[in-house]
Amino acid sequence: MNPNTPWPDLSGIAYGGDYNPEQWPRAVWREDVALMREAGVNLVSVGIFSWALIETSEGIFDFSWLDDVLDLLHESGIAVDLGTPTASPPAWFFAAHPEARVITRDGTVMGFGSRGMASHSSTAYRDAIVRVASALAERYASHPAVVLWHVHNEYGVPVGEDYSPQSVAAFRVWLEKRYGDLEGLNRAWGTAFWGQHYTDWAHVGAPAAAPSVVNPAQRLDFARFTDHQLRECFIAERDAIRLHATQPVTTNFMANQSWGTDLWAWAPELDIVSDDHYLWAADENGEVGLAMAADLTRSVGKGAPWILMEHSTSAVNWQPRNIAKRPGEMARNSFSHLARGADAILFFQWRASRAGAEKFHSAMLPHGGTRSRVWKEVVDLGAKLGMLEELRGSRVTADVAILWDFESFWAQDLEWRPSVDVQHQERIRTYYERLWRDGITIDFALPGHDLSDYKLVVAPAQYLLSEADAANLTRYVAGGGTLLVSFFSGIVDENDRVHDGGYAAPLQEALGLRVSEFLPLREGVRSELDWHGDGGTAGRLSADVWQEDIEVTRADTVASYLDGPARGGAAITRNAHGAGFAWYVSTRLDVAELRTVMSRVYTDAGIPTSALPEEMEVVTRHGSEHDYVVAINHGVAPAWLSITGTELLSDAEVDGTLELAGGSVAVIRTAPSREGGGAPRS
Ligand code: GLA
């Protein structure tokens with residue numbers, strides 16, 4: 001992130017969404033801008049899928065309609081986030097460059113009639129994206145409406161990996177750079193196994209579908225390569241824009257809904273981080289997943305204000321059952337993003353489409369028009385955000401970090417693991433949810449980061465862990481930190497090779513134990529743990545999926561297995577190491593069962609917990625003069641918050657206690673706290 005690049009030149013919290021006027025006759029545009037003003041919209045994203053209407057054939061541009069749209073928006077005081085349309089190349093492009101089509105792992109050549117970029121390694125595609133991005137930047141760099149550049153759309157979605165010949169050739173070049181010579185590659189990939197030894201670079205390919213499982217190190221490198229190629233495409237467009245324009249440049253991430261891009265590597269390439277977030281209808285606690293995505297977005301951006309580039313006013317249209325948001329839910333979602341550092345609340349999309357694949361997706365202006373509930377809530381939300389300009393630039397801090405490592409996920413997600421029931425996303429979400437319900441604000445981090453400012457670091461799923469990163473975690477504990485490591489962590493190195501010394505070997509010193517054998521459980525089998533506890537908290541815990549045979553070398557056993565293959569053995573341990581503590585949880589506990597364990601861990605870490613109901617989400621943003629406490633009651637019953645200050649949405653003074661009705665939100669300006677981060681304690 002470039003710290004000198006200003007936030008888009010806008011007043012207030014940004015509010016608006018994707019605007020696709022090319023889908024509508026011009027008469028509708030005037031109505032659009034009038035209604036945008038009514039709703040308090042001050043920023044719209046334009047042109048994201050407009051390539052075919054801007055470059056009508058190779059090198060021939062027609063900017064007339066876009067000129068008119070930008071002028072109209074500017075006259076109406078609405079700023080523009082101008083898209084480069086490179087996620088949707090025109091029909092003429094694929095007709096001229098059939099070799100640029102993406103080929104999937106099983107050899108299918110992707111057709112036209114949808115969207116999705118061409119091969120990230122195609123020279124024709126790379127030339128074309130630079131041409132169209134340059135043409136747009138040259139034309140609109142000084143257009144007064146344009147305050148931000150929106151490169152592409154959701155890199156890696158719907159296609160990331162490409163198995164076309166040009167991609168395979170580029171993969172070889174990337175591998176030669178990484179390993180220097182074939183011997184280096186043979187060693188890293190462990191090609192002595194199954195007779196895969198290579199004697200010629202020309203024989204090295206992409207990990208296309210094969211008779212059985214393909215070399216996991218090869219697949220992991222292909223994931224790294226894919227991420228690298230996508231990022232190169234972004235950088236090429238960004239640099240083309242920067243040659244002409246000075247406005248900040250972003251691209252929209254899908255923080256926790258797509259794994260193909262390593263956002264830790266991407267974020268420093270952007271001027272401002274943006275995220276798209278959609279609720280999973282099947283997730284009954286969608287607000288927790290939402291908070292997790294928001295915290296991850298803020299974390300990859302090093303805490304700087306970020307843009308919620310897309311979310312939905314109500315239902316989406318691409319899930320099996322698309323559940324409409326209930327009254328007030330859109331506002332609660334928006335305030336949750338705002339609470340976690342977003343200074344822009346935008347939607348997909350402004351006006352619901354009549355034609356095309358997304359016509360049943362909700363919008364700010366739905367098919368039901370201005371008489372609809374959604375529209376009324378959109379206008380109400382715009383008015384509320386309009387009262388919160390002073391929150392801009394204030395920041396969220398946290399005492400707890402959860403490790404989130406895309407490379408580790410890529411490795412763990414490959415085939416032939418000990419149990420299909422072990423899923424990194426599930427473990428992270430479960431630990432996150434426990435902390436969320438305990439009212440604790442969370443950052444995400446990589447195991448190699450400087451973690452010393454955190455009181456607690458949780459590693460729910462760090463399957464891949466380099467020796468160097470393990471040493472960093474061990475130092476963190478020795479220096480006084482509290483670390484919690486969940487099972488199936490510290491298993492392999494950067495090349496998916498089991499660590500010398502066995503499972504979790506690089507963490508042995510910190511954890512004070514050795515893991516001798518994995519003991520996965522059959523589907524649906526539960527096991528009981530005897531929680532030895534202390535201070536009268538002894539009792540039983542219920543777990544499933546996994547046990548382990550643990551050889552305790554130094555740690556204290558805090559819970560042991562009462563049944564199952566590890567019966568009598570250690571299940572949960574705590575090790576005093578240097579000035580800190582390292583906990584190890586060798587089985588799967590759900591959110592409720594984790595309560596006992598985590599409350600003991602919080603004590604070690606010196607983290608107070610909230611006495612508020614679990615449905616209350618309370619996050620503090622720290623400004624230069626004030627703190628801003630954003631409180632959201634996701635429950636139906638009223639809740640009471642101990643706080644003194646001014647509630648900004650009602651402009652009411654709060655002296656000691658604020659009542660929040662079920663489903664409501666409040667934003668309270670308070671005196672700055674010294675502590676920083678976390679929820680206020682009642
Ligand atoms: C993604 C895309 C948008 C739209 C929405 C629908 O986030 O970026 O163009 O398709 O999904 O939910």
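The values are calculated or read from the model by the stated rules, or taken from the named source; none is laboratory data. Just so it is clear, the structure is predicted and the values come from calculations on it, not from any experiment. Here Cβ is always computed from backbone atoms with ideal geometry, including for glycine, and neighbour counts include all displayed protein chains. Ligands, DNA and RNA are excluded from the accessible area calculation, which covers all protein heavy atoms including side chains. Shrake-Rupley method; radii C 1.70, N 1.55, O 1.52, S 1.80 Å.
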Exercise for review: Looking only at region 208-218, count how many residues are buried (at least 21 other Cβ atoms within 10 Å of the Cβ) and in contact (Cβ under 8 Å) with a residue 60 or more places away in the chain.
Suggested key: 2
Practice item. Answer yes or no as to whether Asp549 is part of a strand (DSSP E or B) and either open to solvent by 20 Å² or more (accessible area, probe 1.4 Å) or not assigned by TED's automatic domain parsing to the domain that holds Leu456 (or both). Key: yes
Check your understanding: What number of residues within region 645-676 are of a type in the set (Ser, Thr, Tyr) and open to solvent by less than 50 Å² (accessible area, probe 1.4 Å)?
Key -> 3
Practice item. For region 1-60, enumerate the residues that are of a type in the set (Ser, Thr, Tyr), open to solvent by 10 Å² or more (accessible area, probe 1.4 Å) and in a strand (DSSP E or B). Key: Thr56, Ser57
Point to revise | Hits in region 505-519 - residues which are within 23 Å of Met598 (Cα to Cα) and in contact (Cβ under 8 Å) with a residue 40 or more places away in the chain | key: Leu507, Gln508, Glu509, Ala510, Leu511, Gly512, Leu513, Val515
**Study point:** Every residue from region 178-215 that is small (Gly, Ala, Ser), closer than 19 Å to His228 by Cβ and part of a helix (DSSP H, G or I)
**Key:** Gly184, Ala188
Review point. Among the numbered criteria (1) surrounded by fewer than 18 Cβ atoms within 10 Å (Cβ to Cβ); (2) among the aromatic types (Phe, Trp, Tyr); (3) under 20 Å from His532 (Cβ atoms), which single criterion is violated by Tyr561?
Key: (1)
Review point. Quick one: which of Asp496, Asp530, Asp534 is touching a Lys or Arg at 6+ places or on another chain (Cβ under 9 Å) and modelled with pLDDT under 95?
Key: Asp534
Check your understanding: What are the residues in region 530-546 that are touching a residue at least 12 places away in the same chain (Cβ under 8 Å) and open to solvent by 50 Å² or more (accessible area, probe 1.4 Å), if any?
Key -> Asp530, His532, Asp534, Thr537, Arg540
Review point. How many residues are surrounded by fewer than 22 Cβ atoms within 10 Å (Cβ to Cβ), over 22 Å from Val515 (Cβ atoms) and not small (Gly, Ala, Ser) if we restrict to region 591-627?
Key: 16
Exercise for review: Taking Phe222 as the residue in question, decide whether it is surrounded by fewer than 19 Cβ atoms within 10 Å (Cβ to Cβ), among the aromatic types (Phe, Trp, Tyr) and either at pLDDT 95 or above or not assigned by TED's automatic domain parsing to the domain that holds Ser119 (or both).
Suggested key: no
Review point. Which ones in region 339-381 are open to solvent by 10 Å² or more (accessible area, probe 1.4 Å), within 15 Å of Tyr15 (Cβ to Cβ) and away from the ligand (no atom under 16 Å from the Cβ)?
Key: Glu377, Val379, Asp380
Check your understanding: Where in region 444-529 are there strands (runs of 3 or more DSSP E), lying fully within it, with 3 or more residues that are open to solvent by 10 Å² or more (accessible area, probe 1.4 Å) and touching a strand residue (DSSP E or B) at 6+ places or on another chain (Cβ under 8 Å)?
Key -> 513-520
**Study point:** From the options Ser57, Ser76, Ser88, residue that is within 16 Å of the ligand (Cβ to nearest atom) and assigned by TED's automatic domain parsing to the domain that holds Ala141
**Key:** Ser88
Review point. Would you say Tyr140 is away from the ligand (no atom under 16 Å from the Cβ), over 30 Å from the mean Cα position of the chain (by Cα) and surrounded by 22 or more Cβ atoms within 10 Å (Cβ to Cβ)?
Key: yes
Review point. When the residues of region 382-399 are filtered to those that are open to solvent by 40 Å² or more (accessible area, probe 1.4 Å) and outside any loop (DSSP other than H, G, I, E, B), which remaining residue is nearest to the ligand (Cβ to nearest atom)?
Key: Lys384
Check your understanding: Quick check: anything in region 171-185 farther than 25 Å from Gly17 by Cα, open to solvent by less than 20 Å² (accessible area, probe 1.4 Å) and either assigned by TED's automatic domain parsing to the domain that holds Val273 or acidic (Asp, Glu) (or both)?
Key -> no
Study note, to complete from the structure: The residue that is farthest from Glu329 (Cα to Cα), considering only those in region 259-295 that are within 16 Å of the ligand (Cβ to nearest atom) and open to solvent by 20 Å² or more (accessible area, probe 1.4 Å), is Gly260
Check your understanding: When you go through (1) of a type outside the set (D, E, K, R); (2) within 26 Å of Glu358 (Cβ to Cβ); (3) surrounded by fewer than 23 Cβ atoms within 10 Å (Cβ to Cβ) one by one for His97, which number turns out not to apply?
Key -> (2)
Study note, to complete from the structure: Note on Gly116: of the conditions (1) in a loop (DSSP other than H, G, I, E, B); (2) open to solvent by less than 30 Å² (accessible area, probe 1.4 Å); (3) modelled with pLDDT of 95 or more, unmet is (3)
Review point. Take the residues of region 243-258 that are within 26 Å of the chain's Cα centre (by Cα) and either basic (Lys, Arg) or away from the ligand (no atom under 16 Å from the Cβ) (or both): which is surrounded by the fewest Cβ atoms within 10 Å (Cβ to Cβ)?
Key: Pro248
**Study point:** Positions within region 360-372 being within 26 Å of the chain's Cα centre (by Cα) and over 15 Å from Ala39 (Cα atoms), in sequence order
**Key:** Phe360, His361, Ser362
Practice item. Give just the number: which of (1) surrounded by fewer than 16 Cβ atoms within 10 Å (Cβ to Cβ); (2) away from the ligand (no atom under 14 Å from the Cβ) does Ser336 not satisfy? Key: (1)
